[in-house]
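Presented below is the structure to which this report refers.
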Amino acid sequence: MRMGGMDYRTTTAIAALAVVIGLAVPVVSAPGSTGAGVPSSASAGATIESSSSIDGAAGSADLQVVPTAEPAATPFVPVAPETPVASAQPQPERTGSGAVSSATTSVTAARPAAAAPDRPLAAQPAPITVATPTPTPSISSGCPSAISGSTPGAPSRASSLGVAGTTSADLQSFAVAYNAIRVANCLAPVPFSNIRYDSCMEDRLFWMAEDPSTDPMSAWGHIGSVRSDGVPSVGCDGNLAGGTDNSGATVAQKWWDSSGHRASLYKPTYTGATGNVCVLFAMTHGGVPNEPYSFTRAAARWVSC
C-alpha cells in the first residue's frame, strides 16, 4: 500500500527507527545546564574529574575533586605495654635567660618532664649565715698589728769551763718569734726593748751544763734539782726548754705549745698594758763533758719592769 508516494512498509520502518533512536539517547540535565539540557556559558571549559562509584552504585554525579596536602607520615615506634621509654635524644632545655640550649634528658611515660620557664628566673636571696661568736680581744681596739724593733742585745759570755752563753742573735730570734706568736693570737706585743737578756737565769743554765755526767738530764730542772758532783745550784729559775738544734725562735714556739708554760710566759688572760712588762731570756750552747754547741738549754720568765 502506498501513502503519498510511500508504500505502507516504508512508512512503518521509518517510524520504528525513530522510536529506537529516542530510547537510546535520553536527555540529561547536568549541573549548571539550562532546562533544555544545554550547558550554560558559566560552566563551559570547567575541569571535571570523575569520582569513583560508591558501593558499586552507577550513575553518581561527577564532582570536581580538589586535592589537599596530606600530613607527613609519622614513624611508628612500637612500645611495650607498661614499660617506660627513655628518650636518648637531646631535648631542648630553656636557660635562665630564655635561650634554648641542647641537653640530654630522660623522659618516662609515668613522669613527664616539667615545662621550662619562658622568662628568666628571679634571683634567689643568699642564705643567711650566722657568724660564730669569737672571744673578745684583750685590747679594746681589736687585734693588734705586728711591731718591729731590736732587743738590747746579749754579751755572749762563756762559763768557767767554756760553755758558751747567750748571744744577741739568740735574744733577737726569741723576741721576734715571741711577739709574732702573741699578735697571731690577738695578744698585744711586748716592746722589743723590754725583751732582755738575764744573767741570773744564764748562771743557772751554766750550772746545769757543767755537770760532769754524760747524761744531759742530770741536774736538769727547776730549783731543787741536783748535780751529779753535788755542787749546789746557783742563779735564777724560769721556764725551761732544751735539746739539739734549738734556737730562740724554736723555744718560743715550744713554750706556747705547752699550756702550763703558755700561761706563765705569755699570760693570755693579761689585759693590762705591756709597756711595763719585761720578758727575760737566756740560752747556753754545749756542755761538759761532751755536749756539742748545737745542744742548747734556754730559760725565760715574765716580770714587771
Those residues of region 267-305 whose amide nitrogen sits under 14 Å from the label point placed on SER156, 7 Å along Cα→Cβ = 285
note = So for R0 = 25 Å, FRET eff. of SER193-SER247 from the Cβ-Cβ r, to 0.05, ends up at 0.75
inquiry  = Run the simple label-point estimate for SER148 and SER258 please: 7 Å along Cα→C-beta, distance reported in nm.
reply    = 3.3
remark   = Taking only the Cα positions of region 224-279, the convex hull volume per residue in Å³ is 130
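How many percent of the accessible area of region 153-235 is carbon or sulfur, using a 1.4 Å probe? Show your work: numbers first, answer last.
Numbers: 1980 of 3380 Å².
Heavy-atom surface of region 153-235 belonging to carbon and sulfur, 1.4 Å probe: 59 percent.
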task = Enumerate the amide H contacts of THR166 below 5 Å, restricted to partners 5 or more residues apart or on another chain; note that Pro and chain-start residues carry no placed amide H.
result = SER156, ARG157, MET283
ask   = Short version: ³J(HN,Hα) in whole Hz for each residue of region 222-227, in order, from phi by Karplus 6.51 cos²θ - 1.76 cosθ + 1.60 (θ = phi - 60°), x for Gly and Pro, what are they?
value = 7, 3, x, 5, 10, 8
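With the cut-off at 17 Å, report for region 259-305 the share of all Cα pairs above it, as a whole percent.
Values: 533 of 1081 pairs.
Result: 49 percent of Cα pairs exceed 17 Å.
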request  = Using amide H atoms built 1.01 Å from N in the peptide plane, name the residues 5+ places from SER218, or on other chains, whose amide H lies under 5 Å from its own.
outcome  = none
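The values are calculated or read from the model by the stated rules, or taken from the named source; none is laboratory data. Nothing here was measured: the structure is a model prediction, and the numbers come from that model. For neighbour counting, all protein chains shown are included, and Cβ atoms are generated from backbone atoms with ideal geometry for every residue, glycine included. In case anyone asks, the SASA skips ligands and DNA or RNA and just uses the protein heavy atoms, side chains included. Shrake-Rupley method; radii C 1.70, N 1.55, O 1.52, S 1.80 Å.
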